[in-house]
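K.L.:
Below: one structure in structure tokens.
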Amino acid sequence: MFRIGQGLDFHRLETNETRPLILGGAVIDSEYALIGHSDADIVIHALADAILGAMGLGDIGQYFPDTDPSLKNMDSKLILQKTLDLAKEKNFSLVNIDCTLIGERPKIAPHRIKIQSSLSNLLGLPEDCVSVKATTTEKMGALGRTEGLGASCVVLLQKN
Ligand SMILES: [Zn+2]
């Protein structure tokens, strides 16, 4: 049995030389940083939501509320691990994922392989099952004005 899931996430972006920019668990060398209660890793947040969605188990807000002070600046890799543990409990394994980053800055192309490799390691999936892409909004809207960055992720799960 196969199950599909999709996740979306957006965070505000600011120029910040001290806060790291983390995408898909990879630290990206950039003048920009994403703002959030946790480390604001939009790729992992969209991915975890997609995995939960495929299993019909709600969203990461239920498991990791952004009002919980103990989760402040938390490493989103822990969110992913908890989600993968839930999938394992339910006898689901990941087949492949397809993620798209949405925004004008920073340019993703120079970092794409690093993000793909990080996700491949975190998920224990071969790199050709971990797609990372990027697009812009042609300078339209908030993302076009570099006010934020978005991520969309689709996953396929297989029941073992
Ligand atoms: Zn998020």
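Values quoted throughout were computed directly from the atomic coordinates according to the rules given, and no laboratory measurement underlies them. It should be emphasised that the depicted structure is a prediction, and the values quoted were computed from it without experimental measurement. Ideal geometry is used to build each Cβ from the backbone, glycine not excepted, and the neighbour counts take in all protein chains shown.
K.L.:
About the Cα centre of the chain, what is the dipole size in debye to 20, counting +1 per Lys and Arg Cβ and -1 per Asp and Glu Cβ, all else neutral?
P.N.:
300
K.L.:
Could I ask something else about it? Sum up the charges of everything whose Cβ sits under 11 Å from the Cβ of residue 148, counting Lys and Arg as +1 and Asp and Glu as -1, but leave residue 148 out.
P.N.:
Numbers: positive: 12, 105, 145; negative: 9, 14, 104, 147.
Result for the local shell: -1.
K.L.:
Pairs 82/114; 90/114; 82/139; 72/139; 88/114; 82/107: which exceed 28 Å Cα-Cα?
P.N.:
Pairs exceeding 28 Å: 90/114; 82/139; 72/139; 82/107.
K.L.:
Sort 75, 41 so that the residue with the fewest other Cβ atoms within 10 Å of its own Cβ comes first and the one with the most comes last.
P.N.:
On the way: 75 14, 41 27.
Fewest to most other Cβ atoms nearby, the residues stand as 75, 41.
K.L.:
Round to a whole angstrom and tell me the spacing of the C-alpha centers of segment 112-129 and segment 18-64.
P.N.:
Taking the Cα centre of segment 18-64 as reference, the centre of segment 112-129 is 15 Å away.
K.L.:
Sticking with this one: For residue 82 paired with residue 27, estimate the spin-label separation in nm (one decimal), with each label point 7 Å from Cα along the Cα-to-Cβ line.
P.N.:
Placing both labels 7 Å beyond Cα along the Cβ direction yields 2.4 nm.
K.L.:
Once you keep just the Cα pairs under 8 angstrom separated by 6 or more residues, what percentage relative contact order results for segment 11-160? Mind dumping the intermediate values first?
P.N.:
Numbers: 285 pairs, mean separation 44.1, N = 150.
Computed over segment 11-160, the figure is 29 percent.
K.L.:
Work out the charge dipole of segment 2-159 with +1 on the Cβ of Lys and Arg and -1 on the Cβ of Asp and Glu about the Cα centre, then indicate which of 47, 92, 6 is farthest towards its positive end.
P.N.:
In segment 2-159, that residue is 92.
K.L.:
In the chain, what cysteines have no partner Cβ closer than 4.7 Å?
P.N.:
Result for the chain is 129, no neighbouring Cys Cβ within the cutoff.
K.L.:
Here is a follow-up. Can you list the trypsin sites (Lys or Arg not before Pro) in segment 67-136 that are in a DSSP coil and have 11 or fewer other beta carbons within 10 angstrom?
P.N.:
Of the trypsin sites (Lys or Arg not before Pro), the ones in loops of segment 67-136 whose Cβ has at most 11 other Cβ atoms within 10 Å are 72.
K.L.:
For the pair residue 146/residue 67, report the inter-label distance in nm, with labels modelled 7 Å from Cα in the Cβ direction.
P.N.:
About 3.5 nm separates the two model spin labels.
K.L.:
Explain nothing, just the number: dipole magnitude of segment 2-78 about its Cα centre with +1 on each Lys and Arg Cβ and -1 on each Asp and Glu Cβ, in debye rounded to the nearest 20.
P.N.:
Details: 5 positive and 12 negative charges, 51 e Å.
Taking the Cα centre of segment 2-78 as origin, the dipole is about 240 debye.
K.L.:
Something else: With all distinct Cα pairs included, what does the Kirkwood hydrodynamic radius of segment 89-132 come out to in Å, to one decimal, could you say?
P.N.:
By the Kirkwood definition, the hydrodynamic radius is 11.5 Å.
K.L.:
If we count GluC sites (Glu not before Pro) as exposed when they sit in a DSSP loop and have at most 10 other beta carbons within 10 Å, what is the longest stretch of the chain that avoids them all?
P.N.:
Within the chain, the longest run free of exposed GluC sites (Glu not before Pro) spans 18-137.
K.L.:
Residues with beta-carbon under 15 Å from that of residue 122, excluding residue 122: net charge, scoring Lys, Arg +1 and Asp, Glu -1? Walk me through the numbers before you get to the answer.
P.N.:
Numbers: positive: 77, 82, 88, 114; negative: 39, 41, 75, 85, 127.
Here the count lands on -1.
K.L.:
Going by amide H atoms built from the backbone, whose H comes under 5 Å of the H on residue 133, apart from near neighbours?
P.N.:
Placed amide hydrogens put 99, 100, 101 under 5 Å from residue 133.
K.L.:
Let me ask something else about it. Considering the chain, what Rg and Dmax in Å follow from its alpha-carbon atoms?
P.N.:
14.9, 46
K.L.:
When the helices in the chain are scored as -39500 (n - 2.57) per DSSP H run of 4 or longer and the sum is shared across all residues, what 222 nm value do you end up with, to the nearest 500 deg cm²/dmol?
P.N.:
Values: 5 runs with 48 residues, N = 160.
That comes out to -8500 deg cm²/dmol.
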